[in-house]
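A.B. asks: I'd like to ask you about the structure that follows.
The values are calculated or read from the model by the stated rules, or taken from the named source; none is laboratory data. Please read all numbers here as calculations on a predicted model, not as lab measurements. We place every Cβ from the backbone using ideal geometry, glycine too, and count neighbours over all the protein chains shown. Keep in mind that these areas ignore ligands, DNA and RNA; they rest on the heavy atoms of the full protein, side chains included. Shrake-Rupley method; radii C 1.70, N 1.55, O 1.52, S 1.80 Å.
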Amino acid sequence: MPVNNLPSENTHRLNRPRTITIICSLFLLFGLFNILKLSQVILQWKTLISLQISISPLYLVISGFIWGISGLFISWSLWVGKSWARKPALGIILLYTFTFWIDLIWIAEPAVLQTHWIINLILTVIGLPAAYLSLYSRSSQDYFNGNPATID
């Protein structure tokens, strides 16, 4: 039984805000997707080397590894409520958005760029503020700062 009728640490973690649960799930999917990309590039290395592609398979391996490990680590950190996890999560979101747009502009085929840029722009304009608001909302701040107080 908790001392002084205060909720235990485990009870506090059960009060995880829904937005943090969603962001954790998205980071988990992001990390798993990139680990899958990494494994596929490694398995198909000989084929990729023989193709005339504009980027090196090494770039795909490095980016898959970095984004995969980062996504899984941040997902876990947010899930368990590490107080430092919000800033790296937002940093990864911003950095990935930047590299995504660089890849889209310089690496993607012109036809892909012409047909996909508007939806990517809309998702970026909506997604970045949504991520920030989710990570820095009042309920998220209470969750990460360990404030177990709830209003009934």
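A.B. asks: Given the Cα-Cα distance of residue 87 and residue 101 and 0.36 nm per residue of separation, how much length would full extension add, in nm?
C.D. replies: 2.9 nm
A.B. asks: Helix 18-43 versus the longest principal axis of the chain: what angle, 0 to 90°, nearest 10, using Cα atoms?
C.D. replies: Its long axis makes an angle of about 30 degrees.
A.B. asks: OK, next. Mind telling me which of 74, 23, 122 comes out most flexible in a GNM of the chain, alpha-carbon contacts under 10 Å?
C.D. replies: With Cα springs under 10 Å in the chain, the top fluctuation among 74, 23, 122 is at 122.
A.B. asks: Per residue, how large is the accessible surface of the chain? Use a 1.4 angstrom probe and give square angstrom.
C.D. replies: About 68 Å² of surface per residue is accessible.
A.B. asks: Let me ask another. Compute the long axis of helix 57-80 from its Cα atoms, compare it with the longest principal axis of the Cα atoms of the chain, and write down the angle in degrees, 0 to 90, nearest 10.
C.D. replies: Roughly 10 degrees, rounded to the nearest 10.
A.B. asks: Could you give each residue of region 104-118 its phi-based ³J(HN,Hα) in whole Hz, using Karplus coefficients 6.51, -1.76, 1.60 with θ = phi - 60°, and x for Gly or Pro?
C.D. replies: Values, residue by residue: 5, 6, 9, 10, 5, 5, x, 5, 5, 4, 5, 8, 10, 5, 5 Hz.
A.B. asks: Multiplying the sequence separation of residue 76 and residue 114 by 0.36 nm and subtracting their Cα-Cα distance, what value in nm do you get?
C.D. replies: So the chain would gain 10.0 nm between residue 76 and residue 114.
A.B. asks: Follow-up question, since we're still on this one. Give a quick list of chymotrypsin sites (Phe, Trp or Tyr not before Pro) in region 85-152 that DSSP marks as loop, anything other than H, G, I, E or B, with at most 16 other Cβ atoms within 10 Å.
C.D. replies: Loop-located and lightly packed - 136.
A.B. asks: Continuing with this model, one more query. What net charge do the residues around residue 134 carry, taking every other residue with its C-beta under 11 Å from that of residue 134, with Lys and Arg at +1 and Asp and Glu at -1?
C.D. replies: +2
A.B. asks: Could you pull out the chymotrypsin sites (Phe, Trp or Tyr not before Pro) across region 37-89 that fall in loop regions by DSSP (anything but H, G, I, E, B) with no more than 15 other Cβ atoms inside 10 Å?
C.D. replies: 84
A.B. asks: What number comes out for the charge environment of residue 23, summing +1 per Lys or Arg and -1 per Asp or Glu over other residues with Cβ under 12 Å away?
C.D. replies: Charge balance near residue 23 sits at +3.
A.B. asks: Given [x] 58; [y] 62; [z] 50 as candidate values of percent of Cα pairs over 19 Å apart, which corresponds to the one derived from the coordinates?
C.D. replies: [y]
A.B. asks: Helix-only mean residue ellipticity at 222 nm, the chain, DSSP H runs n ≥ 4 weighted -39,500 (n - 2.57), per residue, nearest 500. What is it?
C.D. replies: Rounded to the nearest 500, it is -25500 deg cm²/dmol.
A.B. asks: At a 1.4 Å probe radius, carbon and sulfur cover how many percent of the accessible area of region 74-116?
C.D. replies: Roughly 72 percent of what the probe reaches on region 74-116 is carbon or sulfur.
A.B. asks: Here's a follow-up. Gaussian network model of the chain, Cα springs within a sub-10 Å range: biggest mean-square fluctuation belongs to which of 83, 54, 39?
C.D. replies: 54
A.B. asks: How do 95, 113 rank by accessible surface area computed with a 1.4 Å probe, from largest to smallest?
C.D. replies: Reading off the accessible areas and sorting them downward yields 95, 113.
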